[in-house]
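A.B. asks: Here it is: the structure, laid out below.
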Amino acid sequence: EKSKCDDSPDEPQTIFGAIIRALRGQSSNFLVLAFIGGIIQRVERWSFSDLLYFWNSTAATIGFGDICPRTQLGRSMSIAFIPLSVITLGEVIASVFAFITGRVAAKAEKDFLRRQITLTDLEYLDVNDDGKVCEVDFITFMLVAMGKVDRKTMKDVQHLFHALDAGKDGYLQKEDLITLR
């Protein structure tokens with residue numbers, strides 16, 4: 001089983017923790033938004049709830065339009081306020097989504113690594129039909145199956161290895177690199 005020591009201390013354990021971490025990660029943006037929002041609130045003579053309503057509807061890209069800046073200064077401040085609100089909310093959502101998908105992917109990977117290799121898997125891996133699978137073929141299969149790398153990338157790496165193997169003996173040695181120079 002996984003212990004608490006396996007995660008870094010900064011890694012959140014819950015979705016709530018991921019939200020808090022995401023909000024903290026955007027704290028400088030929130031400070032700038034609060035400052036600009038305070039100016040807009042003052043020049044537009046909005047209540048605090050009006051400002052929050054405007055902030056949330058613009059950050060969520062809804063923009064109902066029932067509360068909007070009417071003064072030149074309010075509109076000018078909104079040029080920075082609106083995009084920064086959208087970006088900040090987007091970053092928070094993306095961070096939480098990355099936490100969730102990372103957890104789902106880690107569980108799927110753990111489950112995959114625990115499963116039994118089947119005869120069908122072995123037959124698929126046995127490219128020369130000799131009843132054996134070498135370590136490189138097994139590792140390649142596992143990396144591709146877990147989605148860590150795609151088959152094309154593995155082929156590209158294999159071609160690179162063969163290009164560097166000047167002696168064509170299946171090993172890279174100093175002589176290979178000297179020959180290639």
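The values are calculated or read from the model by the stated rules, or taken from the named source; none is laboratory data. Predicted, not measured: the structure shown is a model, and the values here were computed from it. Note: accessible area is taken over every heavy atom of the protein model, side chains too, but ligands, DNA and RNA are not part of it. Shrake-Rupley method; radii C 1.70, N 1.55, O 1.52, S 1.80 Å.
A.B. asks: If one takes the longest principal axis of the Cα atoms in the chain, at what angle in degrees, from 0 to 90 and to the nearest 10, does the Cα axis of helix 72-114 lie?
C.D. replies: Computed tilt is about 30 degrees.
A.B. asks: Not counting ligands, DNA or RNA, and with a 1.4 Å probe, what is residue 30's accessible surface area in Å² rounded to the nearest 10?
C.D. replies: Counting only protein heavy atoms, the figure is 70 Å².
A.B. asks: Rounded if a/c is under 1.5, else prolate if a/b beats b/c, else oblate: with a ≥ b ≥ c from the C-alpha gyration tensor eigenvalues square-rooted, which is the stretch 114-161?
C.D. replies: Details: a/c = 2.54, a/b = 1.33, b/c = 1.90.
Verdict is oblate for the stretch 114-161.
A.B. asks: Structure shown: which of 132/168; 148/174; 132/174; 110/168; 110/174 lie over 28 Å apart, alpha-carbon to alpha-carbon? Don't skip to the answer; put the middle values down first.
C.D. replies: Details: 132/168 22 Å; 148/174 30 Å; 132/174 30 Å; 110/168 37 Å; 110/174 38 Å.
Cα-Cα > 28 Å for 148/174; 132/174; 110/168; 110/174; rest within.
A.B. asks: I'd like the Kirkwood hydrodynamic radius of the chain, using the inverse of the mean 1/r over distinct C-alpha pairs, in Å.
C.D. replies: Hydrodynamic radius (Kirkwood, Cα pairs) of the chain is 22.0 Å.
A.B. asks: For the stretch 43-71 and the stretch 108-129, what is the separation of their Cα centres, given in Å?
C.D. replies: 56
A.B. asks: Would you work out what percent of the accessible area of the chain, with all protein chains in place, is carbon or sulfur (probe 1.4 Å)? Provide the component values of the computation, followed by the final result.
C.D. replies: Numbers: 8210 of 13170 Å².
Within the chain, the accessible surface is 62 percent carbon and sulfur.
A.B. asks: How would 175, 109, 135 rank on accessible area, largest to smallest, probe 1.4 Å? Numbers along the way, then the final one.
C.D. replies: Details: 175 110, 109 55, 135 135 Å².
Ranked from most to least accessible, the order is 135, 175, 109.
A.B. asks: Excluding ligands, DNA and RNA, what is the solvent-accessible area per residue of the stretch 64-181 at a probe of 1.4 Å, expressed in Å²? Don't jump to the answer; show the numbers that get you there.
C.D. replies: Numbers: 8800 Å² over 118 residues.
Per residue, the stretch 64-181 has an accessible area of 75 Å².
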